[in-house]
Amino acid sequence: MKIKKILVANRGEIALRVLKTAKEMGIKVVTVFAEDDKHLPHALFADESYSLGSGALSETYLNKAKLIDITKRCGADAIHPGYGFLSENAEFASMVEKAGIIFIGPTADSIILMGDKIGSKNALEKINVPMIPGYHGDDQSDANLAKKAKEIGFPVLIKASAGGGGKGMRIVHQESELVESISGAKSEALKSFSNDKVLIEKYVVNPRHIEVQLMSDTHGNHLHFFERECSIQRRYQKVVEETPAPNMTQELRLKICETAVQISKGINYRGAGTIEFILAPDGHYYFLEMNTRLQVEHPVSEMVTGSDLVKCQILVAQGDKLPYQQSEIKQKGHAIECRIYAEDPDNNFMPTIGMIDTIGVPTLRDVRLDCGFLDGTEVGVNYDPMLAKLVVWGETRELSISKTIHSLDEVLFLGVKTNRDYLKRILGHSEFVAGKTHTHFIPDHKSDLEPKNLTNDNMAALIAAMSFSQKKKAFSSSGIEILTNPWTSLTGFRN
Amino acid sequence: MDKSFTINGKEVKVQDFKHQHDTVTFTFEGKNYFYSLISRDGHEMVLDDKGGRFKAAVSTTSRDGETMVIAGGKEAILSDAGKKMKKAGAHAGGLASPMPGKIFKVLKEAGAEVKKGEAILILEAMKMEHSIRSDKDGKVKKIFFQVGQLVQGGVILAEVE
């Protein structure tokens, strides 16, 4: 069955991303919006758009019944959940399918399986997917724990079984520290969680976060679109992603991608998915988790493979075969994505708000700005602080870095403090340029990533710019010019 | 004329400031600067500093008299010190909300002893929690809000004496 009309159950840049591909395929698009989003482009540029009302997220973008009701009423055949929100909600996926609507995503069973940390590990161990070596057993005698630690190999991490938040956690670098660390971890665990059971895992020094993009159809084809390097993170959120992963042999790359495909086949997966791995400096890699949705950073894979992953998702959802063979998918050049957040990286990444006067337009070739805002729209407090994704393709990694730094100066997001300058500092850092990325990059290079002091010449230029702008606004007594919002005049434009 | 500005919270002074037609001249840290406005398109403009041309942009929405300015690839928050309004956060002993949000937790009651840096309440905004910490050793004088209340940015949430 050909899909003729899709409802996008999401907002911002990802709603627009789905809209774009649907338009390329001649499919009609319906979007939904919470009242406080009614001026954003996802609420304006679809074939039809419906209000979800206002209030808590559970009343708007997370309101399953309301979304299904709108889909039925407007006659859409399918729902695309985007990422976040209901994209990995098994209950929603099955509710959608029970209502006779196509869910553009995996089956509810896959979502449940991969959402269960322990269950998924057990299932994948059976098909020989490498797991981080560890001991989670009941024999808690010192002798046994010491034996297991030696089998795993140092350094190891000892942590409370019931734990979290770093309590009862010890990194042990050599055998001589072992006995003391085990008893220390046990007594801390007992104090914090009333349970002294500990587990031992291999501790990976300077790990990298490598993930593989997968796409499977319902005809037994399981393809990979190569890997992405996503190690540059702050507060466990990715900031910069790229592909191909730097400093990785072709042999290792293919091995990791093969492992990911093996997982997809092993669980009979459908649609777009991503396997996240921890990669140790010695080339060993371990399964971390599977994301059963389209990822935020999917565009870098699209750029180097020349594919449209949303199109693949739609084709798979309507029962078609994937339009590629694995051998036809090749990596060409290099792509980097920077996430532009409304935040102040120099003040503990505190979120910021404001009205965007001017976003700006990247001018170089093969540069894509996936953005959910328009000039004159407001960045509020109710949603994720990601404003846009700047995705840049270059023939080489070096060119992709220099083009990204140039493009970051073109997307101003004037009016809202963003992490733009911080991103330039990351991309310009000698260790990043050398491809020495790992998940502790931001904390390890904290002092290097601090803002450089403005020079006197910088300050003089800023003063001059401000002075020129003030002259123009001499009429306003308060010194503050109020912009009229062009969208407020569009009352009754859509309901 | 002497003029002062604040740039990213730091006050700077310039001398012999003149703004005539499309030129701005002043002396800053002993150096003479001359700028001319080449073009303007909306918020963006092109300036010339006699050494070369560069792009600049100035936000029209300002908060407490502060304006975001971008010039030659550098971004900063500027205010004309003469026009600067009093910032709520500068209130003596008052701890202001950094942004609009909702009071998520109140950790200390009025009368409680607090150390500098200790969290007094937690504000939830942009899906994250932000601790509002005491700026000195002392005693909580008053908490102005309760759990669940919505607050604007820059509002005094608590006072420590």
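The values are calculated or read from the model by the stated rules, or taken from the named source; none is laboratory data. Just so we're clear, the structure is a prediction, and the values are computed from it rather than from any experiment. As a convention, Cβ positions derive from the backbone with ideal geometry for all residues, glycine included, and neighbour counts pool all protein chains shown. Just so you know, the surface numbers come from the protein's heavy atoms only, side chains and all, with ligands and any DNA or RNA stripped out. Shrake-Rupley method; radii C 1.70, N 1.55, O 1.52, S 1.80 Å.
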*Looking at (1) within 26 Å of A:Cys371 (Cβ to Cβ); (2) open to solvent by 70 Å² or more (accessible area, probe 1.4 Å); (3) within 11 Å of chain B (Cβ to nearest Cβ); (4) at pLDDT 95 or above, which is the only condition A:Ile482 fails?*
(4)
*Considering only strands (runs of 3 or more DSSP E) fully contained in region A:188-300, which possess at least 2 residues that are touching a Lys or Arg at 6+ places or on another chain (Cβ under 7 Å) and at pLDDT below 95?*
A:198-202
*Kindly list, by first and then second residue, each pair from a residue in region B:19-46 that is at the interface with chain A (Cβ under 9 Å from one of its Cβ atoms) and within 13 Å of A:Ala464 (Cα to Cα) to a residue that is open to solvent by 50 Å² or more (accessible area, probe 1.4 Å) and aliphatic (A, V, I, L, M), limited to pairs with Cβ atoms under 8 Å and residues at least 6 apart or on different chains.*
B:Met45/B:Ile38
*asked:* Can you go through B:Ala110, B:Ala158 and tell me which one is outside any loop (DSSP other than H, G, I, E, B), of a type in the set (Gly, Ala, Ser) and either farther than 28 Å from B:Glu66 by Cα or at pLDDT 85 or above (or both)?
replied: B:Ala158
*Among the residues of region A:56-63, is any closer than 17 Å to A:Ile6 by Cα and open to solvent by 10 Å² or more (accessible area, probe 1.4 Å)?*
no
*Report the residue count in region B:118-144 for those that are of a type in the set (Gly, Ala, Ser), more than 11 Å from every other protein chain (Cβ to nearest Cβ) and either closer than 24 Å to A:Asp344 by Cα or open to solvent by 40 Å² or more (accessible area, probe 1.4 Å) (or both).*
2
*Any chance region A:342-352 includes a residue that's at pLDDT 95 or above and of a type in the set (S, T, N, Q)?*
no
*Just one of A:Asp448, A:Asp457 is more than 10 Å from every other protein chain (Cβ to nearest Cβ) and either open to solvent by less than 40 Å² (accessible area, probe 1.4 Å) or at pLDDT 95 or above (or both); which is it?*
A:Asp448
*Selection from region A:350-367 of residues that are surrounded by fewer than 20 Cβ atoms within 10 Å (Cβ to Cβ) and more than 9 Å from chain B (Cβ to nearest Cβ)*: A:Val361, A:Thr363, A:Leu364, A:Arg365, A:Asp366
*Identify all residues within region A:30-72 that are farther than 15 Å from A:Leu16 by Cβ, in a loop (DSSP other than H, G, I, E, B) and small (Gly, Ala, Ser); write none if there are none.*
A:Ala34, A:Gly53, A:Ser54, A:Gly55, A:Ala56
_Test set (1) in a loop (DSSP other than H, G, I, E, B); (2) surrounded by fewer than 16 Cβ atoms within 10 Å (Cβ to Cβ); (3) modelled with pLDDT under 85 - B:Val147 fails condition number_ = (3)
*Based on what the data block shows, is A:Phe103 closer than 30 Å to A:Lys64 by Cβ, aromatic (Phe, Trp, Tyr) and surrounded by 14 or more Cβ atoms within 10 Å (Cβ to Cβ)?*
yes
_Filter region A:436-463 down to the residues that are of a type in the set (Val, Ile, Thr), part of a helix (DSSP H, G or I) and farther than 19 Å from A:Pro246 by Cα and list them by number._
A:Ile463
*Consider A:Tyr50 against the criteria (1) over 17 Å from A:Gly75 (Cβ atoms); (2) open to solvent by 20 Å² or more (accessible area, probe 1.4 Å): it satisfies all of them except one. Which criterion is unmet?*
(1)
_Some residue of region A:73-85 being touching a residue at least 60 places away in the same chain (Cβ under 8 Å) and in a helix (DSSP H, G or I)_ = yes
*asked:* Restricting to region A:377-411, and then to whatever is touching a residue at least 40 places away in the same chain (Cβ under 8 Å), facing another protein chain (nearest Cβ under 10 Å) and touching a helix residue (DSSP H, G or I) at 6+ places or on another chain (Cβ under 9 Å), can you tell me which residue is least open to solvent (accessible area, probe 1.4 Å)?
replied: A:Leu408
*So which residues in region A:412-442 are of a type in the set (A, V, I, L, M), within 20 Å of the chain's Cα centre (by Cα) and open to solvent by 10 Å² or more (accessible area, probe 1.4 Å), if there are any at all?*
A:Ile442
_Show the residue pairs meeting these rules: Cβ distance below 9 Å; 6+ apart or different chains; first residue within region B:95-115 and on the phi > 0 side of the Ramachandran plot and more than 14 Å from every other protein chain (Cβ to nearest Cβ); second residue open to solvent by less than 40 Å² (accessible area, probe 1.4 Å) and assigned to a strand (DSSP E or B)._
B:Gly111/B:Val140
*So how many residues does region B:12-21 have that are surrounded by fewer than 16 Cβ atoms within 10 Å (Cβ to Cβ) and in contact with a strand residue (DSSP E or B) (Cβ under 6 Å, 6 or more places away or on another chain)?*
4
*Examine region B:115-126 for a residue that is touching a His at 6+ places or on another chain (Cβ under 9 Å), modelled with pLDDT of 85 or more and of a type in the set (A, V, I, L, M), and state whether such a residue exists.*
yes
*What is the residue count in region A:305-358 for residues that are on the phi > 0 side of the Ramachandran plot and either touching a residue at least 12 places away in the same chain (Cβ under 8 Å) or in a helix (DSSP H, G or I) (or both)?*
5
